[in-house]
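Notes to accompany the following structure.
The values are calculated or read from the model by the stated rules, or taken from the named source; none is laboratory data. Keep in mind it's a predicted model, so treat the numbers as computed, not measured. We place every Cβ from the backbone using ideal geometry, glycine too, and count neighbours over all the protein chains shown. The area values use the complete protein model at the heavy-atom level, side chains included, leaving out ligands, DNA and RNA. Shrake-Rupley method; radii C 1.70, N 1.55, O 1.52, S 1.80 Å.
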Amino acid sequence: MLKLSEKYSARPANEFPMLFQRILQNAIRDFFRRQKVRSAWVTPLGNLFGPDQEDDSDPLESMEIDSESKLASRPAEQLEQKQVLDFIEKAIETLPARQREAFMLRYWEELDVAEAAKVMGCSEGSVKTHCSRATHALATLLKKQGIEL
């Protein structure tokens, strides 16, 4: 409703139902696309640390300590997790600047498309394109290293 009143208030009243329907459809599509991408990237990264990871901390800098783990396998698991996280950080650094910026704003800072576009000073379509390209590039790099999230 707010988008309709902000963007299309000058339009004739008989166009409002169709405009509202289109805005609502686009908002729903954006929501489900965002959830799909987040579940492909954010959730698997969170699974590396376990379900009790606090939201305040940066998952790339801290790891959950599992008190029930076997002492012999624990260092090996920690090393593997650290290596995966280091590779992900390096892979993100290899992205072109605009793709990296869009990816970080959308999936790490959790800004929506409009907010990210405002921060980046470009259109929403550009943000979506940069995020899509970054996601595909990271997935390719991770697969080449044999990392399955």
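What do you reckon, is residue 29 open to solvent by 80 Å² or more (accessible area, probe 1.4 Å), in contact with a helix residue (DSSP H, G or I) (Cβ under 7 Å, 6 or more places away or on another chain) and either on the phi > 0 side of the Ramachandran plot or at pLDDT 80 or above (or both)?
no
With respect to residue 70, determine if the residue is open to solvent by 70 Å² or more (accessible area, probe 1.4 Å), assigned to a helix (DSSP H, G or I) and either at pLDDT 75 or above or basic (Lys, Arg) (or both).
Answer is no for this residue.
Go through the stretch 91-118 and report how many residues are closer than 17 Å to residue 30 by Cβ and in contact with a helix residue (DSSP H, G or I) (Cβ under 7 Å, 6 or more places away or on another chain).
So the count comes out to 10.
Is at least one residue of the stretch 113-122 under 17 Å from residue 96 (Cα atoms), among the small types (Gly, Ala, Ser) and either under 14 Å from the mean Cα position of the chain (by Cα) or not in a helix (DSSP H, G or I) (or both)?
Yes: one or more hits.
From the list 106, 133, which residue is among the basic types (Lys, Arg), in a helix (DSSP H, G or I) and surrounded by fewer than 17 Cβ atoms within 10 Å (Cβ to Cβ)?
Going through 106, 133 in turn, just one is among the basic types (Lys, Arg), in a helix (DSSP H, G or I) and surrounded by fewer than 17 Cβ atoms within 10 Å (Cβ to Cβ): 133.
Does residue 104 satisfy the criteria of being farther than 17 Å from residue 37 by Cα, out of contact with any Cys (no Cβ under 6 Å at 6 or more places or on another chain) and either of a type outside the set (Val, Ile, Thr) or in contact (Cβ under 8 Å) with a residue 12 or more places away in the chain (or both)?
No, not satisfied.
From the list 17, 51, which one is more than 18 Å from residue 135 (Cβ to Cβ) and at pLDDT 80 or above?
Unique residue meeting the criteria: 17.
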